[in-house]
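Q: Below: one structure in structure tokens.
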Amino acid sequence: MRQNFDASRAAVWLFGSLATICAGAGPARAETPAEFYKGKTVSIVIGTSAGNDYDLRGRLIGKYLQRYIPGQPTVVVRNMPGAGGITAANHLAALAPRDGTSLHMIMSNMMSSQALGVKGVKFDTRDFAWIGNSTSVPNVMATWLTSPVKTIADARVKTALMGAPTGTAGALYGEVMNAVLKTKFNLVTGYPGGVEVNLAMERGEVDGRASNSWAAWKANNADWLAAKKLNFLVQIGLERHPELPDTPLLIELAETEADRRILTFVSADTAISRSLVASPGVPPERIEALRRAFDAVMKDPQFLADAERSKMDVSAMTGEEAQKIADSIVNTPPDVIERARAFLEPK
């Protein structure tokens with residue numbers, strides 16, 4: 001009996017002690033973003049080759065972003081070109097860490113590529129978290145000064161060879177314009193990036209470039225603009241840029257409401273043309289920290305001065321605002337998507 005009594009008393013003492021310890025410990029404290037990011041490395045993946053606006057902008061943003069992310073992690077930037085940006089977006093969706101250490105300067109046509117069911121797309125941009133957008137300037141189609149096609153009216157009666165990296169917005173624009181506006185663009189794809197298209201245009205291998213951001217034309221080809229070496233045919237966006245008052249807006253060229261809906265669909269992504277996104281599944285408190293850090297960069301006087309020196313347009317938008325626009329593109333009504341897809345099918 002004595003032995004049983006002692007064993008019972010020991011059990012009571014043990015459970016009581018454990019209860020006291022647990023009560024004193026309280027609930028586990030969640031790790032703050034600053035604690036998580038301290039000593040970490042955050043990567044920004046650029047889905048293009050080096051030297052273009054995506055690349056230069058991503059590197060400049062990364063330089064300042066590490067100042068404002070709590071815990072001040074190291075930010076590194078690397079290029080992952082391929083399939084017009086699809087390779088990098090697929091990497092973000094399937095292979096990148098889901099902890100807030102992997103960001104991507106997403107190419108603006110990824111939402112329309114997903115909506116159209118472009119081959120190779122294995123991501124859903126609605127699963128990405130938009131951290132912020134740095135500019136909303138339109139894309140601009142241009143030909144070299146010696147090209148016989150100098151206006152969109154010319155393009156309806158004369159053939160122009162237009163360079164565009166495979167899978168990029170330029171290829172989409174050209175095909176849709178040929179179908180809707182009866183232009184005669186002959187798309188030459190296969191270039192790894194826009195820099196290579198520019199070189200081909202300068203060498204006379206193609207008449208022009210099917211698409212490039214107005215911000216990129218200014219930042220990377222200021223000498224061409226000063227020497228008037230480019231003919232601007234059309235700007236693709238939702239509003240005319242004040243610096244391009246005489247270049248027609250693509251949606252202004254629509255002759256029917258159905259055509260306008262198609263042209264609006266292919267133009268909408270320019271509103272979020274240089275966005276930074278995070279991989280799926282990142283804890284919401286880290287997304288919040290990243291978004292506010294991005295907002296701070298967009299207001300940093302030194303960042304703005306560097307952007308101005310590089311002739312880099314900054315018209316920032318929060319991640320929350322950009323997310324709504326991105327999701328709306330993917331959620332375009334099926335009848336519009338089906339018509340656009342029909343234009344892109346091999347003839």
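Q: Run the numbers for Thr256 and Leu238: contour at 0.36 nm per residue of separation, minus the present Cα-Cα distance, in nm.
A: Numbers: separation 18, 0.36 × 18 = 6.48 nm, distance 1.70 nm.
That pair, Thr256 and Leu238, stretches by 4.8 nm at full extension.
Q: Still on this model: Among residues other than Thr318 whose Cβ falls under 12 Å from its Cβ, what is the net charge (Lys/Arg +1, Asp/Glu -1)? Kindly include the intermediate steps, with their values, before the conclusion.
A: Details: positive: Arg291, Arg292, Lys299, Lys324; negative: Glu288, Asp295, Glu320, Glu321.
The answer is 0.
Q: At 0.36 nm per residue, and after removing the present C-alpha to C-alpha distance, how many nm does the segment from Thr166 to Arg203 gain when stretched out fully? Don't skip to the answer; put the middle values down first.
A: On the way: separation 37, 0.36 × 37 = 13.32 nm, distance 1.99 nm.
Result: 11.3 nm gained on full extension.
Q: Applying the Karplus parametrisation 6.51 cos²θ - 1.76 cosθ + 1.60 with θ = phi - 60° to the phi angles of region 249-254, what ³J(HN,Hα) value in whole Hz is obtained for each residue in order, glycine and proline being reported as x?
A: For region 249-254, the Karplus-derived couplings read 7, 3, 5, 6, 8, 5 Hz, x marking Gly and Pro.
Q: Taking θ as phi - 60°, what are the ³J(HN,Hα) couplings along region 164-171 by the Karplus curve (6.51, -1.76, 1.60), each to the nearest whole Hz, with x for Gly and Pro?
A: 7, x, 3, x, 8, 4, x, 5
Q: Something else about it: Take the Cβ-Cβ distance between Lys228 and Ala34 as r, set R0 to 51 Å, and report the resulting FRET efficiency rounded to the nearest 0.05.
A: Details: r = 51 Å, r/R0 = 1.00.
It comes to 0.50.
Q: So for the pair Arg98, Glu320, with labels modelled 7 Å out along Cα→Cβ, what separation do we get in nm?
A: My value for the distance between the label points is 2.5 nm.
Q: Let me ask something else about it. Can you list the HN-Hα couplings for region 189-202, worked out from phi with the Karplus curve (6.51, -1.76, 1.60; θ = phi - 60°), rounded to whole Hz and with x for Gly and Pro?
A: Along region 189-202, the couplings run 10, x, 6, x, x, x, 4, 5, 5, 4, 5, 5, 5, 5 Hz.
Q: Another question, if that's okay. May I ask for the Rg/Rh ratio of region 139-269, computed from Cα atoms with Rh as the Kirkwood radius, given to two decimals? Mind dumping the intermediate values first?
A: Numbers: Rg = 13.5 Å, Rh = 14.5 Å.
Looking at region 139-269, the ratio lands at 0.93.
Q: If the cut-off is 16 Å between C-alpha atoms, which lysines fall inside it for Lys184, apart from same-chain ones fewer than 8 positions away?
A: Answer for Lys184, where 16 Å is the Cα cut-off: Lys150, Lys158, Lys347, listed by chain and number.
Q: Determine the shape class of region 287-334: with a ≥ b ≥ c the square roots of the Cα gyration tensor eigenvalues, call it rounded for a/c under 1.5, and otherwise prolate if a/b is greater than b/c, oblate otherwise. Mind dumping the intermediate values first?
A: Values: a/c = 4.96, a/b = 1.82, b/c = 2.72.
Oblate shape, in that a/c is at least 1.5 and b/c is the bigger or equal ratio.
Q: Per DSSP H run of at least 4 residues, take -39500 (n - 2.57); add these up for the chain, divide by its residues and hand me the 222 nm value, nearest 500 deg cm²/dmol. Please list the in-between numbers first.
A: Numbers: 14 runs with 154 residues, N = 347.
Taken over the chain, the calculation gives -13500 deg cm²/dmol.
Q: Within region 139-269, what percent of beta bridges assigned by DSSP are antiparallel, to the nearest 5? Display every interim value, and only then the final one.
A: On the way: 10 of 17 bridges.
Around 60 percent of the beta bridges assigned by DSSP in region 139-269 are antiparallel ones.
Q: Another question, if that's okay. Roughly what angle does helix 53-68 make with the longest principal axis of the chain, taking Cα atoms, 0 to 90 degrees, to the nearest 10?
A: So the helix axis and the longest Cα principal axis differ by about 30 degrees.
Q: Next question. Mind running the shape call on region 267-346? Use the C-alpha gyration tensor, a ≥ b ≥ c as the square roots of the eigenvalues: rounded below 1.5 for a/c, prolate if a/b tops b/c, oblate otherwise. If you can, show how the numbers build up before the last one.
A: Details: a/c = 3.29, a/b = 1.62, b/c = 2.03.
Taking the square roots of the gyration eigenvalues as a ≥ b ≥ c, region 267-346 is oblate.
Q: Give the order of Val188, Val197 when sorted by the count of other beta carbons within 10 angstrom, beginning with the fewest. Numbers along the way, then the final one.
A: Numbers: Val188 18, Val197 27.
Going from least to most buried by this count: Val188, Val197.
Q: How long is the gain from Glu338 to Asp246 if the chain were fully straight, where each residue apart is worth 0.36 nm and the alpha carbon distance is subtracted?
A: Numbers: separation 92, 0.36 × 92 = 33.12 nm, distance 3.23 nm.
Result: 29.9 nm gained on full extension.
Q: Further question on the same structure: Net charge within 13 Å of Thr87 by Cβ-Cβ distance, Lys/Arg positive one each and Asp/Glu negative one each, not counting Thr87 itself?
A: Numbers: positive: Arg78, Lys119, Lys122; negative: none.
Spelling it out: positives minus negatives among the neighbours equals +3.
Q: Does anyone have the angle between helix 257-267 and the longest principal axis of the chain? Alpha-carbon axes, 0 to 90°, nearest 10?
A: Tilt of helix 257-267: around 60 degrees.
FYI, it's all coordinate maths here, none of it is from the lab. Computed from a predicted structure; not experimentally measured. Every residue, glycine among them, receives a Cβ derived from its backbone with ideal geometry; neighbour counts consider all protein chains shown.
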